[in-house]
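Student: Below is a structure I'd like to ask you about.
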């Protein structure tokens, strides 16, 4: 197939998904979960279109997509996409060009209306303050997508550091992996970008222990209740160090089923 385009839509019925994306293969998991996979070579120039009403955007240099459904709630359709893409069509690229390309992707996502997402247990930091916090204290926290790291900062950001968003009940995170053997800032490097897209329900299920997934809605409130205290304590400590808290950050609205 020349220049294949994958059309990805969270909560779409798997049959409709396969009708549009006939090149995906179905893999059945013993647990009852279905995986829908497609892989390409860089020379295929594959692309994906993540459809989300007014927040849709395209992903270039596609290498692979895995979609997952929810066996316990078939009416939810596709609940997750894991998308791997190159940062360019070339196998290697200068680290500075990689930085510029990644920043462009972040700006494009923001341009179509995706909002920044912070876990409710994380402090509300922005810009360089969030970068410093992640590098020194909390590598699992989410970067500020509106902050453009300098080249020196870019080279310090570890692989798999995340930038997270939400829009229209869909959650999106992306990260890059840098080839650990090609980290000389004066020589070309190699990068892989991973986009992870979750339905609202699938996002909230991640807060619940896997063994409690069948009863996740009843388990969720107690799991979420501890997060504001964690944020408050972290922010109080940061304030004592003179770090500015981003009082303008707003958490996404919670679903109606969360009491």
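Student: With each label point set 7 Å from Cα along the Cα-Cβ vector, what nm distance links residue 43 and residue 152?
Tutor: 4.2 nm
Student: Next up: In nanometres, what is the gap between the two model label sites at residue 94 and residue 112, each 7 Å from Cα along Cα-to-Cβ?
Tutor: 2.9 nm
Student: Run the simple label-point estimate for residue 213 and residue 239 please: 7 Å along Cα→C-beta, distance reported in nm.
Tutor: 4.0 nm
Student: Mind sorting 194, 181 by how few other Cβ atoms lie within 10 Å of their own Cβ, fewest first?
Tutor: Details: 194 18, 181 8.
Fewest-to-most Cβ neighbours within 10 Å comes out as 181, 194.
Student: Still on this structure, I have one more. How fast does region 191-259 diffuse by Stokes-Einstein, in µm²/s, taking the Kirkwood radius from C-alpha pairs at 20 °C and 1.002 mPa s? Present the calculation step by step, with values, prior to reporting the outcome.
Tutor: On the way: Rh = 14.7 Å.
Rounded, D is 145 µm²/s.
Student: Also, quick follow-up: In a GNM of the chain with a 10 Å cut-off on Cα contacts, which of 198, 186, 168 has the highest mean-square fluctuation?
Tutor: The residue that fluctuates most here is 186.
Student: A further question follows. Could you identify which residue out of 22, 77, 113 has the top mean-square fluctuation in a GNM of the chain using Cα springs shorter than 10 Å?
Tutor: In this elastic network of the chain, the residue with the biggest mean-square fluctuation among 22, 77, 113 is 22.
Student: Taking the chain as a Gaussian network, where each spring joins two C-alpha atoms under 10 Å apart, which residue of 173, 58, 222 fluctuates the most?
Tutor: Judging by the Gaussian network model, the answer is 222.
Student: Just to be sure I understand: of the beta bridges DSSP finds with both ends in the chain, what percent are antiparallel, rounded to 5?
Tutor: Numbers: 45 of 51 bridges.
Looking only at bridges with both residues in the chain, the antiparallel portion is about 90 percent.
We did not get these values from a lab; they are worked out from the coordinates using the rules stated. Bear in mind the structure is a predicted one, so any value in this text is a computation, not a measurement. Here Cβ is always computed from backbone atoms with ideal geometry, including for glycine, and neighbour counts include all displayed protein chains.
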